[in-house]
Amino acid sequence: MKKRSSKITVLAAATLLATSTLVSANHLAAPTNLLCPIVGDMIQANWDDVVDATKYSVNIVATYDTGISGDPSDDTSMDWDFGTGDRTDGLPMGQSDLMIPLSGLNHDFGTGAGPQSAVAAQLRVKGLHPGKSQERQNNQFSDFCIPTVTPAA
């Protein structure tokens, strides 16, 4: 019987340690309800506020058709990072939305063809709570959102 109670004690201690480590590392919950319609030439990313987040990081994986047109087997993907701390619209960096110009995803692959536009993209976001005493923030990303063109009303 003592072996069983010691296993429970060890399990409880491990759970307490894991919980306190998460709190002390300031891990934030993943944003929810991410929307990312394309309106005009902008991705209008919007998500629910994350408790304790003071800014947000938006990651986009963009895909480019860099080979035979229409053949996805030779496409190339790139990661792009945007953040609410870099916004130029005058809104606070803690606001849970961000307008991202599609031109921000253009890339020149050095082929002489000039900058190429992405043919597809996936977007995700995470909350951040930066500060001098903070460790690296491995906060959770939201689920991916696929930007799609919204028809004009």
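The values are calculated or read from the model by the stated rules, or taken from the named source; none is laboratory data. On a predicted model such as this, the values are computed, not experimentally measured, just so you know. For neighbour counting, all protein chains shown are included, and Cβ atoms are generated from backbone atoms with ideal geometry for every residue, glycine included.
Below, the figures for the structure above:
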read-out: Residue selected from segment 47-92 under the condition among the β-branched types (Val, Ile, Thr) and closer than 22 Å to Gln140 by Cβ, by the criterion surrounded by the fewest Cβ atoms within 10 Å (Cβ to Cβ); value: Val51
read-out: Condition met for Ala25 (at pLDDT 95 or above and in contact with a Lys or Arg (Cβ under 9 Å, 6 or more places away or on another chain)); value: no
read-out: Every residue from segment 48-87 that is among the polar types (S, T, N, Q), modelled with pLDDT of 90 or more and over 23 Å from His27 (Cα atoms); value: Thr63, Thr76, Ser77
read-out: Residues satisfying the stated conditions in segment 77-109, i.e. assigned to a helix (DSSP H, G or I) and within 21 Å of Val39 (Cα to Cα); value: Thr84, Asp86, Leu102, Ser103, Gly104, Leu105
read-out: In segment 77-119, the residues that are touching a His at 6+ places or on another chain (Cβ under 7 Å) and without any contact (Cβ under 8 Å) to a residue 12 or more places away in the chain; value: Pro115
read-out: Selection status of Asp108, at pLDDT 95 or above, acidic (Asp, Glu) and in contact with a strand residue (DSSP E or B) (Cβ under 8 Å, 6 or more places away or on another chain); value: no
